[in-house]
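Undergrad: Below is the structure I would like to discuss, written out as structure tokens.
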Amino acid sequence: MSNGEVTFIIERFDPEKDTAPYPQEYKVILEPGQTLLNCLNNIKWTQDQTLAYRYSCGSAICGSCAMRINGKAVLACKTQVSDCVKDGVIRLAPIGNTKVVRDLVVDLEPFWNALKRVRPYLTPDSQDAPEKEREQTAEEFSKIDPSTTCIMCGACYSDCNVLEVDNQFLGPVALAKAHRFIFDSRDGGGHQRLTEISETNGIWDCTHCGECTTRCPTETKPLSRIEEIKVKAMAEGHHGNAGARHVLGFRETVGRRGLLDENYLPLRTVGFFNIPGLLSIMPVGLRMMWRGKNPPMIPHYVDKVGEVNNIFARFEEFRK
Amino acid sequence: MKWTAQSGERGSYILDLECGGAGQYSERGVMYSHDVVIVGSGLAGLRAAQELAGNLDVAIITKVYPSRSHSGAAQGGVAAALANMDGDSIEAHIYDTVKGSDFLGDQDAIEIMCNDAPRTIYEMEHLGCPFSRTDENKIAQRAFGGHSFLRACFSADRTGHALLHTLFEQTYKMGGKLQVYSEWYMTRLIVEDGVCKGVVAMDIATGRMEVFSAKVVLFASGGYGRSFEITSNAYANTGDGAIATYRAGLPLQDMEFVQFHPTGLYQHGILLSEAARGEGGYLLNGNGERFMDKYAPGKMELAPRDIVSRSEQTEINEGRGAGPDKDYVLLDLRHLGEAKILERLPQIYHLAKDFLGVDAVTDPVPTQPTAHYSMGGIPTDNDCQVILDETGAKVEGFFAAGECSCVSVHGANRLGTNSLLEALVFGRRAGKKILEAASTAKSSSIDEKREIAAVRAGIDKIVNTSAKEELHPIRKELKNVMTYKAGVYRSGSELAEAHKKVTELQERFKHVRVDDKRENFNTNMLEAIELGHMLEYSELIVAGAEAREESRGAHARTDFPTRDDEKWLNHTMAFRKGDGGYELKYRPVVITRFEPEERKY
């Protein structure tokens, strides 16, 4: 624990009067065990009452106080400041992938709206009057235990690299929420959910960078949940979408040649009979050819393709 | 399924574009009009909304977003005599609750709650609440303080979170049938001649103030535990609903009864669930002794919270506390083993680790009593309709449910796990009764300009002045005096001291300074408004406690150490007088089956 003076550099912005965000410095004498929220309150209550940020429970369950510290999203109330000081400085900014309302407060409407797209409520098999609880095994409960710990703080949403380039991506929070129902033994809508979530903007748009899981302050760990959905979707035959075709194409070319066939894969992903789809990727292909970056037209093989296939075979055995 | 997100107005989300009813424009500006306006989005408010959405035009006003309501912070469980583990009965649940309340709970209301408990749990299970399970695949139940059977249904140690998110999920299912005004702050309740007409609320994002007219208003706005230094309550729990009610000329009941939870994380006050003791955790003093055998040999650590908190405080006061300042006791989970701690008490494990750096698997966790639950609040009948005076007359079109209300099922001391139950049971009852009430009620006219001017005047007084008093020291001094002079133990002289201090702080508050002059997301101004609430209800806590010359449940007077049923088997009612002062009156407790007897554990 490092005591002593720490400089907080906080990104301030009031869209109603400022043209751009600007940094403001505050000095705080750090006491042992202080959380980021303690320090912010200290600043607001003794130095600058105009600083705006959200907070409520102060005990890491309500999810109000997500913000970026030194560029990474955290929950302010459960973050020990002494763990984050670099050369006596702490930098604070609002969470990413959102519009700033004021200082560290951001507009969360798109965040809540994304949830709608996964129908975030139980769709039970039957509508029987609840005269008793439905049975669920401890093992079945354990499957939804991690995803039900989500507190909707938005730390993962903030640092999601896909959302940064595509705001139509469902994002880690909505996908984790979807997981909670897809894996709930009491939900009857699993098949439909998997079909929908396999489409564009769903599970297959995730690039596995893992930022969501690294930032997650709970046991939700969205990337692991997304992976679980993918495995289930493939296992249950949801192959009629670009993401699944990409996976299958990958497996096929590596199995055939021991190497990726980069000419085959995009065609397989889009679908060989999907004329509009094929036309849509044609300009990219032509540009690559023009620049001499297209993969060799005659695909290569590794020397011992059989051994690659042995790996696949052993994996299949392992999975069984 | 809609793949394109449709956003409503900022700060409110309309869940489906086909919805109607919201925001009818009047000549003077936006006058919001709904059949029912619910203030608060915790379990009680959301459960009531579920009963009403689709039948009436219903809106929720909440100062946070629904999933951030403080119901979500409840950890250990929700009570119901399901008898999944043992031979529990509804009868036993009723008796335990009456005894736990130190006979101040209204027994007819307690019967309603306990009778409806199993149905409530099954209903939440069917809505998708994830409950921890037994080996027979039923809902698992654990021990809890003051309950004589394994009665607490739970989802690890995140039960409130699981229930809250289940109901939050249902708001998405309701689609356009429910409008939620998130981050809107209710600032005024409009009641004229015993008839409730609506509320005034402010859009926090813009500072815009609007009148919401409604046939029925339901307050489900939570408790008032924030005025204590050591508290498990959220920063949001500033008694806004209670004070709006009080300022509208209606009484508040039993405000002196504030529950102190025995295991608040040392210095932070953060809740460490009673489930820790329900699963077998011990309490140790500085000498390493399980001191509860002196105070409640029959129940040990699972005596009701008032008794355990007092026992801890006695150990600390008599010099047997732990730590360098001997000012805490220890919660020892080590003998439970790592696997059980991580499976059943993961949140507690992480809280101790993240906030104190203590690993509960290898070390005992420093804890102290923490202000936790408000037994007092807005008095209602058993259908949640708010009571106008000590005769029991009712306010037309005004209801309250959950922690902000005082039915009273908790009396002088709430049993753990009964609060989530109360919020669900009475939230639903309120919804059902409101459905009835709203069908006959008419919308009444509101002098919109006058109502908004009244709120504006109050705000201008604190924002547009050159006043000098700083906000934070006033709040800090208030919290300090409430914890140390009106806390676990109280005495006439300490309470008098606290009273004097609170009045002095109220005076200083008149000259409080708000630096932030902006309209948008001005949390400085909100804090000032909230502090005004805290100062006003804190006086009622202290005044009720000064007057009540006995010890009952959570109210423990060192100068009157015994319960006095002859004089004090009644509910306190505090009325606001025209000059801003208060007046205390009393009304009888409802006793149906259990005559008061000595409360021993």
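The values are calculated or read from the model by the stated rules, or taken from the named source; none is laboratory data. Just so it is clear, the structure is predicted and the values come from calculations on it, not from any experiment. Counting neighbours? That spans all protein chains shown, and the Cβs are built from the backbone with ideal geometry, glycine included. Remember, those area values only see protein heavy atoms, side chains included, never the ligands or the DNA or RNA. Shrake-Rupley method; radii C 1.70, N 1.55, O 1.52, S 1.80 Å.
Undergrad: Is there any pair linking a residue in the stretch B:232-255 that is closer than 12 Å to B:Val191 by Cβ to one that is of a type in the set (S, T, N, Q), with Cβ under 8 Å and at least six apart or on different chains, and which?
TA: B:Ala244/B:Thr187
Undergrad: Looking at A:Phe273, A:Phe250, which one is in a loop (DSSP other than H, G, I, E, B) and without any contact (Cβ under 8 Å) to a residue 40 or more places away in the chain?
TA: Details: A:Phe250 fails: in a loop (DSSP other than H, G, I, E, B).
A:Phe273 is the lone residue from the list that is in a loop (DSSP other than H, G, I, E, B) and without any contact (Cβ under 8 Å) to a residue 40 or more places away in the chain.
Undergrad: Shifting gears a bit: Within the stretch B:65-79, is there a residue that is away from chain A (no Cβ under 14 Å), open to solvent by 10 Å² or more (accessible area, probe 1.4 Å) and farther than 18 Å from B:Ala201 by Cβ?
TA: No, the conditions are met nowhere in the stretch B:65-79.
Undergrad: Find the residue count for the stretch B:154-168, including only residues that are more than 15 Å from B:Ile139 (Cα to Cα) and either modelled with pLDDT under 95 or of a type in the set (Phe, Trp, Tyr) (or both).
TA: Going through the stretch B:154-168 one residue at a time, the tally reaches 1.
Undergrad: What single numbered condition from (1) open to solvent by 10 Å² or more (accessible area, probe 1.4 Å); (2) more than 30 Å from B:Phe509 (Cβ to Cβ); (3) not in a loop (DSSP other than H, G, I, E, B) fails to hold for B:Ala438?
TA: Exception for B:Ala438: condition (1).
Undergrad: Restricting to the stretch B:309-338, name every residue that is part of a helix (DSSP H, G or I) and either β-branched (Val, Ile, Thr) or modelled with pLDDT under 95 (or both).
TA: B:Thr314, B:Ile316
Undergrad: Exactly one of (1) in contact with a Lys or Arg (Cβ under 9 Å, 6 or more places away or on another chain); (2) crowded, with 20+ Cβ neighbours inside 10 Å is unmet by B:His511. Its number?
TA: All conditions are met except number (2).
Undergrad: Would it be correct to say that B:Asp383 is closer than 30 Å to B:Ser213 by Cα, open to solvent by 10 Å² or more (accessible area, probe 1.4 Å), among the charged types (D, E, K, R) and free of Cβ contacts under 8 Å to residues at least 60 places away in the same chain?
TA: Values: closer than 30 Å to B:Ser213 by Cα: yes; open to solvent by 10 Å² or more (accessible area, probe 1.4 Å): yes; among the charged types (D, E, K, R): yes; free of Cβ contacts under 8 Å to residues at least 60 places away in the same chain: yes.
Yes.
Undergrad: From the list A:Ser82, A:Ser126, A:Ser147, which residue is open to solvent by less than 10 Å² (accessible area, probe 1.4 Å) and either among the small types (Gly, Ala, Ser) or without any contact (Cβ under 8 Å) to a residue 24 or more places away in the chain (or both)?
TA: A:Ser147
Undergrad: Being among the small types (Gly, Ala, Ser) and open to solvent by less than 10 Å² (accessible area, probe 1.4 Å) narrows it down to one of B:Gly280, B:Gly241, B:Gly323, B:Gly286, so name that one.
TA: B:Gly241
Undergrad: Follow-up question, since we're still on this one. Taking B:Tyr537 as the residue in question, decide whether it is open to solvent by 10 Å² or more (accessible area, probe 1.4 Å) and either modelled with pLDDT of 95 or more or of a type in the set (A, V, I, L, M) (or both).
TA: No.
For (1) touching a Lys or Arg at 6+ places or on another chain (Cβ under 6 Å); (2) open to solvent by less than 20 Å² (accessible area, probe 1.4 Å), each residue gets a yes or a no:
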| site | (1), (2) |
| --- | --- |
| A:Pro120 | yes, yes |
| A:Lys132 | no, no |
| A:Lys143 | no, no |
| A:Asp166 | no, no |
| A:Arg180 | no, yes |
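Undergrad: OK, next. Restricted to the stretch B:468-490, and to residues that are in contact with a strand residue (DSSP E or B) (Cβ under 6 Å, 6 or more places away or on another chain) and not in a helix (DSSP H, G or I), which residue is most open to solvent (accessible area, probe 1.4 Å)?
TA: Here is the first cut: in the stretch B:468-490, the residues in contact with a strand residue (DSSP E or B) (Cβ under 6 Å, 6 or more places away or on another chain) are B:469, B:471, B:488, B:490.
This time we only want the ones that are not in a helix (DSSP H, G or I), so: B:469, B:488, B:490.
Values: B:Glu469: 55, B:Val488: 17, B:Arg490: 0 Å².
The extreme case among them is B:Glu469.
Undergrad: Test of understanding: among B:Thr166, B:Thr171, which residue is touching a Cys at 6+ places or on another chain (Cβ under 9 Å) and part of a helix (DSSP H, G or I)?
TA: Within the list B:Thr166, B:Thr171, the selection yields B:Thr166.
Undergrad: Moving on to the next point. In the stretch B:333-348, which residue that is free of Cβ contacts under 8 Å to residues at least 40 places away in the same chain and away from every other protein chain (no Cβ under 14 Å) is farthest from B:Gly280 (Cα to Cα)?
TA: First, pick out the residues of the stretch B:333-348 that are free of Cβ contacts under 8 Å to residues at least 40 places away in the same chain: B:334, B:337-339, B:341-342.
If we keep only those that are away from every other protein chain (no Cβ under 14 Å) too, we end up with B:334, B:337-338, B:341.
Values: B:Arg334: 10, B:Gly337: 11, B:Glu338: 13, B:Ile341: 10 Å.
By that ranking, first place goes to B:Glu338.
Undergrad: For the structure I just gave you, tell me whether A:Thr200 is surrounded by fewer than 24 Cβ atoms within 10 Å (Cβ to Cβ), modelled with pLDDT under 95 and either assigned to a loop (DSSP other than H, G, I, E, B) or touching a Ser or Thr at 6+ places or on another chain (Cβ under 7 Å) (or both).
TA: Yes; evaluated as a whole, the condition is true for this residue.
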